[in-house]
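The values are calculated or read from the model by the stated rules, or taken from the named source; none is laboratory data. Keep in mind it's a predicted model, so treat the numbers as computed, not measured. Ideal geometry is used to build each Cβ from the backbone, glycine not excepted, and the neighbour counts take in all protein chains shown.
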Amino acid sequence: MIGNESLLQLALLLPLVAVAGIRLLGRHENLREAVSLLAGTALFATVCSLYDPVFRGELVEIRWLELMPGLSLAFRAEPLGLLFSLIASFLWSVTTLYAIGYMRGHGEGNQTRFYSLFAVSIGAVMGIAFAENLFTLFVFYEVLTLSTYPLVTHAGTDKARAGGRVYLGILLGTSIGFFLLAIVATWLLAGTLSFTPGGVFDADTPRSLLSVLLALYVFGVGKAAVMPFHRWLPAAMVAPTPVSALLHAVAVVKAGVFVLLKVCLLIFGLDTLGSIPATEWLLYLAGISVLLASVVALRQQNLKARLAYSTVSQLGYITMGALLATSAGFSGSALHIVMHAFGKITLFFCAGAILVAAHKTEIHQLRGIGRQMPVTMVAFFIASLSIIGIPPTGGTWSKWYLMLGTLEAGQWLLMALLMGSSLLSIAYLLPIPLRAFFSGNGQDSGGPPVAIREAPWPSLLAIGVTTLGCMLLLFYPNAFYQLIKVAL
Amino acid sequence: MLAHLPVLQVILPLVAAPSCLIIRKSGLVWLFTFLVSLAALTVSALLLQQVIDSGVISYHLGGWDAPWGIEYRIDILNAWVLLIVSALGTVVLAAAHTSIRRELEEGQQILFYTLYLLCFSGLLGIVATGDVFNVFVFLEISSLSTYALIALGRDRRALWAAFQYLVMGTVGATFLLIGIGFLYMVTGTLNMQDLAARLPAIGTSTTVLAAFAFILVGICLKLALFPLHLWLPNAYAYAPSVVTAFIAATATKVAVYLLIRFTVSIFGVDFSLSVLPLQHLLIGLGLLGVLTASVVAVYQMNIKRMFAYSSVAQVGYMIVGIGLGTAAGLQATLLHLFNHALMKGALFLALAGVVYRVGSANISAFRGLGRRMPWTMGAIVIGGISLIGMPLTAGFISKWYLISAAVDSSHWLVALLLVAGSLLAVAYVWRLVEAAYFHSPETPDKPADEAPLSLLIPTWLLALANLYFGVDTRLPLAVTEMASRTLFGGAL
């Protein structure tokens, strides 16, 4: 039996081993992808085996090195991080499966670079998830930004470069401009950067100062895409679809909200958070972000752009839930990380499948496509339900707890906001699968039946897995829910 | 032998310089100068070790006692700067042979090594000496040789750049001399220790103030503090590539050292930062330098020029650190002194490799270079992210200390603006990365065509140092903390 510390080391190092393997086997496509898949599965297994010790509350901690006195690269397995790393590692293998179909079907170049950077990003995500202190977290946060940048500009066209510039500009800008400043200030105020249950600040720290700090954190973590720093996410949609799916529906954006959750819970502490005047303002800002992004999503004609704005809106839910500073709100947020991950990755998978099989990117082109790609569009339908938050999908739970959270905090207006945004999400998501099945354009209906032409089978398999996940999460959310309970 | 280390540090390269003219074979001369600088590096390492172990070393030249004779006084501060200068000088020299052979004619090569050693010893002399007039002498030695080194550049504009620098540099040196004269007038001594002891008694007479102002402006001209930086971009852009690497990594550092020596040790922090509104002036000008020079850097087409403007910006950071007027601020400056030498050394040496292969340092020459020269570009990327101040690079450490120093003395706005400067660095570094990795080259099918190993090894040595000192910070942190604490001993 391997010790828990070694398991944690393994979780951090496996992606790097994968990078080396992918680089070495760059010429043999099948072997290269096999390495990715194998590493993904091994990583998931490793993280899974950390579940029990963390659940029992054992201390699993490793320290790499100390950079400056008191500032070290250190890692600790704790419930929230485990939750995040479970999702990320599981979906990494699934996405690799999907990418095999997509990248080959779409004839993309530079695939070795693609897969190795993918592994680097997952390594960075593991670093973020298991970071023991804000400093370690910041290091991997930046690694994630830098390693995903070449993935965004993968196509190498002018448009991709422009998108990459916005991506890098906003993410690096906010992180260096606000996040780093907030970390330095926290260091000077509290004398520690370690994540501590109950928060690190003294009770007599001036609330005005904490207000400024909280604002710096919320804006500084640009990956959480709180308006007005959300522009990078639509810009990143120039990336190949597997990147949009794993990184910009799961890894990167979830890293953002995950950081916010951790900061709220373990740097400020929910009690302190509730007593800071700025929390109220930032809550409403997140609320506006939720609503506005939904409205903008409604007006997008490009499928991926619509999904991107939908992500901005859903991230707003998570931020809001964390800032509510109630346990129900926090649980809702953490659960929504899981639920939204499964839902949104499925939606992106479908968008990519449509691109590969039918070469369509705009929403108005999708009328009647359900006959050509029935499996894909059914999956799209189910995932949409999960995003909206209605059974038979897991999204129901997170929305439920978020609503409960707003009630607990007595924020009636925010609750109305959440409801409104859910209605809007029905309006921007559901028409797509419905029209795909029920409104074939006139000439087609009388003609011969359209041949079924789906995406390559690995992609389809991946879509199946995540769709199934969406539904199973309705019945088995308990594993995650208990984990969140431990965190609180 | 060990007792004579302080003077050996300076004399060794000084005596070796004319010997180059006797050897006359380019390859041999290179070997000879390299050995000499290696010896100088050993001496400075020994000196630092000795200072850490047993405190300040005072060496009396020719056996004359301090106030009358010339004293070489090595404390932790100048031992640190000596090490930086001699280490960077040596690494750059290791790469010089290959690059110089491509860029200079046979006859000029010998001249280059002679001048290099002269400049080297001048810089070391400025740092080692404990006598203000000696400072002036060595400043002139290093400056005059620098002018000639810059004028060696292949581009005819190098002559103009050297002339520009000559005029500005001479004004600076003259100001320094006037200031030193005034000081001698009121105190009757040139020894730094004596000056520091006698100045407080004199108080704030007009002469002292005038001396202070002259010295300050003179040094600021040398260190290219905005807006006195106009000579620097041209000088860096048109000088031979290794010369740029050498002066970028050492000359401005020595000037910053002088500023610290004069304001903190000789005049004393209380005088320097309170009698004149120097604190606001240094912070203000430093920040202006950081922001303006960074913005200008974004729009440069010549990459050497771009990094030259970036140097002006980085000097701004160091000046802000001094201006904060706290031990933490000074420590940040001293850290950045070291780290900036590492990153600019790596960057300019890598550029030397690019110039060697491609023949130009224009942004258009970098298109597709990520594929053609993967190792050289790799070093540039490492230097670049260190410049930006990404974690796990040396640049991050100094930025972290500088920002905490600013926040700690509740200069929130300063902290914010410093951070904004980093963002501008992202902008100009990324322009280069984008060109190298995401633009297709003008002639697409050229095979990989790396710079020769003799250039690559020194470049990567510095690039790896950027990473190493971003992770293992014990040495720089310990030394700079000791230095800033000793210097602020009186003020705290």
Given the condition part of a loop (DSSP other than H, G, I, E, B), touching a residue at least 60 places away in the same chain (Cβ under 8 Å) and more than 22 Å from B:GLN193 (Cβ to Cβ), answer yes or no: does some residue in segment B:33-50 qualify? no
Any residue at all in segment A:320-327 that's farther than 27 Å from A:HIS154 by Cα and surrounded by fewer than 24 Cβ atoms within 10 Å (Cβ to Cβ)? yes
From the residues in segment A:128-150 that are more than 11 Å from chain B (Cβ to nearest Cβ) and within 18 Å of A:GLU66 (Cα to Cα), which one is nearest to the chain's Cα centre (by Cα)? A:ILE128
Are any of the residues in segment B:447-459 out of contact with any helix residue (DSSP H, G or I) (no Cβ under 7 Å at 6 or more places or on another chain), at the interface with chain A (Cβ under 10 Å from one of its Cβ atoms), of a type outside the set (Phe, Trp, Tyr) and not in a loop (DSSP other than H, G, I, E, B)? no
Taking first residues from segment A:145-159 that are modelled with pLDDT of 80 or more and second residues anywhere that are part of a loop (DSSP other than H, G, I, E, B), the pairs with Cβ under 7 Å that are 6 or more apart or on different chains are A:LEU151/A:ALA239; A:VAL152/A:ALA239; A:HIS154/A:ASN110; A:HIS154/A:ALA239; A:HIS154/A:PRO240
Using the structure shown, decide if B:LEU464 is surrounded by fewer than 17 Cβ atoms within 10 Å (Cβ to Cβ), modelled with pLDDT of 90 or more and under 22 Å from the mean Cα position of the chain (by Cα). yes
So which pairs qualify, if the first residue must be in segment B:415-433 and facing chain A (nearest Cβ under 7 Å) and buried (at least 24 other Cβ atoms within 10 Å of the Cβ), the second must be at pLDDT 85 or above and not in a helix (DSSP H, G or I), the Cβ gap must be under 6 Å, and the two must be at least 6 apart or on different chains? B:SER422/B:GLY389
In the set A:LEU50, A:LEU91, A:LEU71, the lone residue that is aliphatic (A, V, I, L, M), free of Cβ contacts under 8 Å to residues at least 60 places away in the same chain and crowded, with 16+ Cβ neighbours inside 10 Å is A:LEU50
Would you say A:SER175 is assigned to a helix (DSSP H, G or I), of a type in the set (S, T, N, Q) and more than 11 Å from chain B (Cβ to nearest Cβ)? no
From the list A:ARG104, A:ARG165, A:ARG113, which residue is touching an Asp or Glu at 6+ places or on another chain (Cβ under 9 Å), within 14 Å of another protein chain (Cβ to nearest Cβ), surrounded by fewer than 23 Cβ atoms within 10 Å (Cβ to Cβ) and part of a helix (DSSP H, G or I)? A:ARG165
Candidates A:THR241, A:THR157, filtered to the one that is polar (S, T, N, Q) and more than 14 Å from chain B (Cβ to nearest Cβ): A:THR241
Residue set A:VAL257, A:VAL263, A:VAL243; condition in contact with a helix residue (DSSP H, G or I) (Cβ under 6 Å, 6 or more places away or on another chain) and under 17 Å from A:LEU86 (Cβ atoms); output residue A:VAL257
Filter segment A:187-208 for residues that are at the interface with another protein chain (Cβ under 10 Å from one of its Cβ atoms) and out of contact with any Asp or Glu (no Cβ under 7 Å at 6 or more places or on another chain); which is surrounded by the most Cβ atoms within 10 Å (Cβ to Cβ)? A:TRP187
Kindly establish whether A:ILE183 is more than 26 Å from A:LEU82 (Cα to Cα), more than 8 Å from chain B (Cβ to nearest Cβ) and not aromatic (Phe, Trp, Tyr). no
Suppose the filter is surrounded by 23 or more Cβ atoms within 10 Å (Cβ to Cβ) and modelled with pLDDT of 85 or more; does A:PHE178 pass it? no
Selection status of B:LEU351, away from every other protein chain (no Cβ under 11 Å) and closer than 26 Å to A:PHE138 by Cα: no
Considering B:SER274, B:SER205, which residue is within 30 Å of B:LEU416 (Cβ to Cβ) and without any contact (Cβ under 8 Å) to a residue 60 or more places away in the chain? B:SER274
Filter segment B:355-400 down to residues that are more than 13 Å from every other protein chain (Cβ to nearest Cβ) and not in a helix (DSSP H, G or I) and give me whichever is nearest to A:SER147 (Cα to Cα). B:MET373
Based on what the data block shows, is A:ALA305 surrounded by fewer than 21 Cβ atoms within 10 Å (Cβ to Cβ) and either under 21 Å from the mean Cα position of the chain (by Cα) or not aliphatic (A, V, I, L, M) (or both)? yes
I'd like to verify a number: residues in segment A:222-233 that are out of contact with any His (no Cβ under 7 Å at 6 or more places or on another chain), crowded, with 24+ Cβ neighbours inside 10 Å and of a type outside the set (Phe, Trp, Tyr), how many? 6
Just to be sure, is B:THR250 part of a loop (DSSP other than H, G, I, E, B) and touching a residue at least 12 places away in the same chain (Cβ under 8 Å)? no
